[in-house]
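Bear in mind that the values in this text are calculations on the coordinates, not laboratory data. Quantities reported herein were computed from a predicted structural model and do not represent experimental measurements. Heads up, the Cβs are rebuilt from the backbone with ideal geometry, glycines too, and the neighbour counts pull from every protein chain shown.
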Amino acid sequence: MYESHFGLREPPFGITPDTSFAYACNSHQEALNTLLVAARNGEGFMKVTGEVGTGKTLLCRRFLATLDARFVSAYIPNPYLEPRTLMFALADELGIALPREADQHFLLKELSRALLNFARQGKTVVVCLDEAQAMPQETLEALRLLTNLETEKRKLLQVVLFGQPELDQRLAQASIRQLRQRITFQYRLSMLKEKEVEHYLSHRLRVAGYRGGQLFAPAAVRRLHRASGGVPRLINIMAHKSLLLAFGEGVQQVLPRHVRSAEADTPVAGSSYRRRMVVLLAMLVAVAAVATVFWMGSLQ
């Protein structure tokens, strides 16, 4: 589409979690380091949360790709499953053949045997569950029971939960407090700062083959950061639209007007920025009210 116009080999701002475009911002790198340390220490449960579009799935794929030959990994992208179905999904990922008519007790027994065999081979099994906030409560409990499996030295199964902030609310329920207590490492992904947005854009453009000057004008970067709230997925969507608009005009640089038009065409753009402004104004009003009360009291 616009690739030849800007000297690109491929579109730089797709919204699929392509690890070749992964940008190691501070938040993502810290989260990845945390997961790797926890996995190598044999921790049972780990948790990563973040708002929609902050790159949790991409982080999950980077983590799995970084694990060395000592690990056997499983990835379950949709954990909205009943306990028995989750056990089948886990078995399929690990290459364990189980009879489809088996009941939950038999499944747990066979999974335990398979995990013990992996341990005897010196392998550590890590399972990553994406969108974990959608897991039914009984499935969360079944997952906890699976992590009870251990030798005298270490856990047979390590679990990483990736989810939206609603996952924390789920885990705060008293009925699953045992699982919450087992989460030994956790990380909350943050949004990109303005300077990080500039580096993020440059990084993805370089990966896509761009070798020219600054394609996004500084004012356009500021506008993009404000409109997206620093959410990578929104940055990708609006950056793509901005490039289309610049291409349509036949110009070689993305300007603030292109980002404004892209923002207007993206319904959720600017919402996080507006929420922060509302919160900030509310805090200022509260501080002013308290200051007024103290001032009135000092006059009496």
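Which percent, nearest 5, of DSSP beta bridges in the chain are antiparallel?
On the way: 1 of 23 bridges.
Counting DSSP beta bridges with both partners in the chain, the antiparallel share is about 5 percent.
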Simple spin-label model, 7 Å along Cα-to-Cβ: Met1 to Arg188 in nm?
-> 3.5
The ratio Rg/Rh over the Cα atoms of the range 6-75, Rh being the Kirkwood inverse mean 1/r radius, stands at 1.02
For the range 107-151 and the range 38-92, distance of Cα centres in Å | 11
Looking at the chain, how many pairs of lysines come closer than 24 Å at the Cα, when each pair is eight or more places apart or spans two chains?
-> 15
Lys47 long-range amide H proximity, modeled H, under 5 Å | Leu161, Phe185, Gln186, Tyr187
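Tell me which trypsin sites (Lys or Arg not before Pro) from the range 128-232 have a DSSP coil assignment and no more than 16 other beta carbons within 10 Å of their own.
Hits after loop and neighbour filter: Lys153, Arg154, Lys193, Arg211.
Taking a temperature of 25 °C and a viscosity of 0.890 mPa s, what whole-number D in µm²/s does Stokes-Einstein yield for the range 26-188 with Rh from Kirkwood over alpha carbon pairs?
Numbers: Rh = 15.9 Å.
Approximately 155 µm²/s, per Stokes-Einstein.
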Modelled label-to-label distance, Leu116 and Ala217, 7 Å Cα→beta-carbon offset: nm?
-> 6.9
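Once the piece of chain linking Arg206 and Ile15 is laid out straight, how much longer is it, given 0.36 nm per residue of separation minus the C-alpha distance between them? Write down the numbers at each step before the final one.
Values: separation 191, 0.36 × 191 = 68.76 nm, distance 1.68 nm.
Full extension of this stretch gives 67.1 nm more.
Under the definition of Cα pairs under 8 Å and six or more residues apart, what whole-number percent is the relative contact order of the range 26-188? Intermediate results must be reported in sequence, preceding the final value.
Details: 247 pairs, mean separation 61.2, N = 163.
After rounding, I find 38 percent.
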For labels at Asp68 and Lys109 in the simple 7 Å Cα→Cβ model, what's the distance in nm?
-> 3.8
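Given Cα positions, please report Rg to Rh for the chain, the hydrodynamic radius being the Kirkwood one.
Working: Rg = 23.7 Å, Rh = 21.9 Å.
That ratio is 1.08, to two decimals.
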With contacts defined as alpha carbon pairs under 8 Å and 6 or more residues apart, what's the relative contact order of the chain in percent?
-> 25
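If a helix is a whole DSSP H run, which ones in the chain reach 30 Å or further along their own axis (Cα) and hold a mean Kyte-Doolittle hydropathy of at least 0.0? Write out the running numbers ahead of the final one.
Details: long enough: 271-299 (42 Å, 1.33).
Those that clear 30 Å and a mean of 0.0 are 271-299.
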Say R0 is 41 Å: what FRET efficiency, to the nearest 0.05, do Gln137 and Gln252 get from their beta-carbon distance?
-> 0.15
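What does the extension gain come out to for Ala102 and Ala174, with contour length at 0.36 nm per residue minus their alpha carbon separation?
Values: separation 72, 0.36 × 72 = 25.92 nm, distance 3.11 nm.
Gain in length upon complete extension: 22.8 nm.
Any number yet on Rg/Rh for the range 121-256, C-alpha, Kirkwood? Please list the in-between numbers first.
Working: Rg = 21.8 Å, Rh = 18.5 Å.
So for the range 121-256, dividing Rg by the Kirkwood Rh gives 1.18.
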Quote the FRET efficiency, to the nearest 0.05, computed for Glu166 versus Thr34 with a Förster distance R0 of 25 Å and r equal to the Cβ-Cβ distance.
-> 0.75
Amide H neighbours of Phe71 at under 5 Å, excluding residues fewer than 5 places away on the same chain, with H built from the backbone geometry, are Thr124
How about the range 56-146: which GluC sites (Glu not before Pro) there lie in a loop by DSSP and see at most 13 other Cβ atoms within 10 Å?
-> Glu101
